[in-house]
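**Student:** This is the structure I want to talk about, given as structure tokens.
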Amino acid sequence: MEAYTEFAQVYETFMDNVPYEEWCEGICNILQEHGIRDGLVLDLGCGTGTMTRLLRKKGYDMIGVDASAEMLEIARNHPDEGILYLQQDMREFELYGTVSAVVCVCDSLNYLLEAEELAQVFSLVHNYLDQNGVFIFDMNTIHKYRDVIGDSTICENREDSSFIWENFFDEESSINEYALTLFVKQENGLYARYEEFHYQKAYELEQVAVLLKEAGLTLVAVCEEGTTEKPGADCERAYFVAVRTQPHIF
């Protein structure tokens, strides 16, 4: 079963503890450090558009790309902020022209289970970035999958919905499987049960750096979430900042 189908209807409910506003402030600070105070920005793997809307409120013209029709439906149901949403697989996304920056948050890139797929996305980002455009993204680390959430079960109960999230980390493949069971209250007062399976891959930070370089992107910073420090052994989420320094050749 595809990920982010039934989960889409309760995604924002269960993600209300994610510090999107703090992430947005950090992203805007980085963009402004690189002279990008306005212009067109792509939110890759935008989901229900929370970060897309926050960046739009900061004055950026936004495009949101996501593969899930259900997630984009939720995004489009929010008040119109002049955002263009496109249903596309990030491994083969297409834009009408270049953008000033690309952002990709909430471990969306960890859903790419092969290094070749990650390299393809980096190549496309390079293709659609303006000269000196900035690419900002985060990724969950091996430490998080293996030592923090691996082989654990997370449960949460809300007023109209509940979930059971079972994790299984395979160290040989570095792939974490999430078995997600949802219970969602219906209009008749009964609860419907849904199941989804999500798969994410943990990448060595050094491998990500190599793939960025091979795609023609210059890595300028790797930081631990919420800091300007290099990721330590206990880092759970790493932020990458890369720049397109090579000119377009048409």
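Each reported figure results from applying straightforward, stated rules to the coordinates on display, with no laboratory input. Treat the numbers as computed from the prediction; the structure is a model and nothing was measured. Cβ placement follows ideal geometry from the backbone for every residue including glycine, while neighbour counts extend to all protein chains displayed.
**Student:** Which shape class applies to the range 70-173: rounded if a/c is under 1.5, otherwise prolate when a/b exceeds b/c and oblate if not, where a ≥ b ≥ c are the square roots of the Cα gyration tensor eigenvalues?
**Tutor:** oblate
**Student:** Please report, in whole Å³, the volume per residue of the convex hull around the C-alpha atoms of the range 144-201.
**Tutor:** That works out to 68 Å³ per residue.
**Student:** Please report the net charge: other residues with Cβ closer than 11 Å to the Cβ of Arg158, K and R +1, D and E -1.
**Tutor:** -3
**Student:** Note the full-extension length gain between Glu116 and Gln32 as 0.36 nm times their separation in residues minus their Cα-Cα distance, in nm to one decimal.
**Tutor:** My answer for the length gained is 27.1 nm.
**Student:** Further question on the same structure: Using +1 at the Cβ of each Lys and Arg and -1 at the Cβ of each Asp and Glu in the chain, identify which of Val18, Cys46, Thr98 lies farthest towards the dipole's positive end.
**Tutor:** So the residue we want is Thr98.
**Student:** Please report the relative contact order for the range 172-238, taking Cα pairs under 8 Å with a sequence separation of at least 6, and give it as a percent rounded to a whole number.
**Tutor:** 22 percent
**Student:** Based on DSSP H runs of at least 4 residues, each adding -39500 (n - 2.57), what is the mean residue ellipticity at 222 nm of the chain after dividing by all its residues, to the nearest 500 deg cm²/dmol? Please list the in-between numbers first.
**Tutor:** Numbers: 6 runs with 62 residues, N = 250.
Rounded to the nearest 500, it is -7500 deg cm²/dmol.
**Student:** Among Gly216, Gly59, Gly49, determine the one that fluctuates most according to a GNM of the chain built with springs between C-alpha atoms less than 10 Å apart.
**Tutor:** Gly59
**Student:** Please give, to one decimal in nm, the separation of the simple spin-label points placed at Ala192 and Tyr178, each 7 Å out from Cα toward the Cβ.
**Tutor:** 2.0 nm
**Student:** Collect residues whose amide H, placed 1.01 Å from N in the peptide plane, falls under 5 Å from the amide H of Tyr203; neighbours closer than 5 in sequence don't count.
**Tutor:** Ile142
**Student:** Quick one: length gained pulling Lys213 to Ile164 fully straight, 0.36 nm per residue minus the C-alpha distance?
**Tutor:** Numbers: separation 49, 0.36 × 49 = 17.64 nm, distance 3.91 nm.
Length gained, Lys213 through Ile164: 13.7 nm.
**Student:** Related question: Counting other C-beta atoms within 10 Å, and keeping those with at most 15, which DSSP coil GluC sites (Glu not before Pro) do you find in the range 147-220?
**Tutor:** In loop regions of the range 147-220 (DSSP not H, G, I, E or B), the sparsely surrounded GluC sites (Glu not before Pro) are Glu159, Glu171, Glu172, Glu187, Glu204.
**Student:** Could you work out the relative contact order of the chain, using alpha carbon pairs under 8 angstrom and six or more residues apart, expressed as a whole percent? Kindly include the intermediate steps, with their values, before the conclusion.
**Tutor:** Working: 497 pairs, mean separation 44.3, N = 250.
Result for the chain is 18 percent.
**Student:** Between Tyr20 and Asp151, how many nm apart are label points set 7 Å from Cα along the C-beta direction?
**Tutor:** If labels sit at Tyr20 and Asp151, their model points lie 3.5 nm apart.
**Student:** Starting from the Cα gyration tensor of the range 14-66, take the square roots of the eigenvalues, sort them a ≥ b ≥ c, and report rounded, prolate or oblate (rounded when a/c is under 1.5, otherwise prolate if a/b is larger than b/c, else oblate).
**Tutor:** On the way: a/c = 2.30, a/b = 1.35, b/c = 1.70.
Verdict is oblate for the range 14-66.
**Student:** Show log10 I(q)/I(0) for the chain at q = 0.13, 0.18 Å⁻¹, two decimals, from a solvent-free Debye sum over equal Cα scatterers.
**Tutor:** For the requested q values the scattering log ratios are -0.83, -1.57.
**Student:** Just going by the charge dipole of the range 144-201, with Lys and Arg at +1 and Asp and Glu at -1 on Cβ, which of Ala179, Ser162, Gly150 is farthest out on the positive end?
**Tutor:** With unit charges placed on the Cβ atoms, the residue in question is Ser162.
**Student:** Please state the charge dipole magnitude for the range 144-201, taken about the Cα centre, from unit charges on C-beta atoms (+1 on K and R, -1 on D and E), reported in debye and rounded to the nearest 20.
**Tutor:** Dipole size: approximately 160 debye.
**Student:** How tilted is helix 115-128 with respect to the longest principal axis of the chain? Cα atoms for both, answer in degrees (0 to 90, nearest 10).
**Tutor:** Its long axis makes an angle of about 50 degrees.
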